[in-house]
1. Which residues, taken from segment 2-52, are assigned to a loop (DSSP other than H, G, I, E, B), more than 16 Å from the chain's Cα centre (by Cα) and in contact (Cβ under 8 Å) with a residue 24 or more places away in the chain?
2. Could we say that residue 124 is in a helix (DSSP H, G or I) and at pLDDT below 80 here?
């Protein structure tokens, strides 16, 4: 079977979404639409069993996303979606008074950097930022 949108590709996208979502929440609209489009090719039981969704969700999504015949989905290859966490970058500030401050990229913000700059600007600017 050659389908532009396969059950396996949608199942893979569901698995990626479930693995990376921050908390339980609403299924993304794009996934809902793809599930509804699968009904043209696959049985409802195949869809709900493979994707791990319930019949009520499929009914709601079907009512919400009635597609006309001009709707086209272009599935992305699985390799195009990367969920590999980026390595954490750090910045270390060494102040003349011997204090060393190390921050991760997650904790860096304009406010934090501005505060560090203003605290340090009142002293001798011998500190090193690397």
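1. Step one: of segment 2-52, the residues assigned to a loop (DSSP other than H, G, I, E, B) are 2-6, 21-28, 39-43, 52.
Add one more test, that the residue is more than 16 Å from the chain's Cα centre (by Cα), and what stays is 2-6, 39-43, 52.
Of everything in segment 2-52, those that are assigned to a loop (DSSP other than H, G, I, E, B), more than 16 Å from the chain's Cα centre (by Cα) and in contact (Cβ under 8 Å) with a residue 24 or more places away in the chain turn out to be 3, 4, 5, 6, 41, 42, 52.
2. Working: in a helix (DSSP H, G or I): no; at pLDDT below 80: yes.
For residue 124, the condition - in a helix (DSSP H, G or I) and at pLDDT below 80 - is not met.
Conditions (1) at pLDDT 75 or above; (2) surrounded by 10 or more Cβ atoms within 10 Å (Cβ to Cβ); (3) under 26 Å from the mean Cα position of the chain (by Cα), marked per residue:
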| site | (1), (2), (3) |
| --- | --- |
| 57 | yes, yes, yes |
| 77 | no, no, yes |
| 81 | no, yes, yes |
| 84 | no, no, yes |
| 98 | yes, no, no |
| 101 | yes, yes, no |
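The values are calculated or read from the model by the stated rules, or taken from the named source; none is laboratory data. If you're wondering where the values come from, they're calculated on a predicted model, not measured in any experiment. Neighbour counts run over all protein chains shown; Cβ positions are idealised from the backbone, glycine included.
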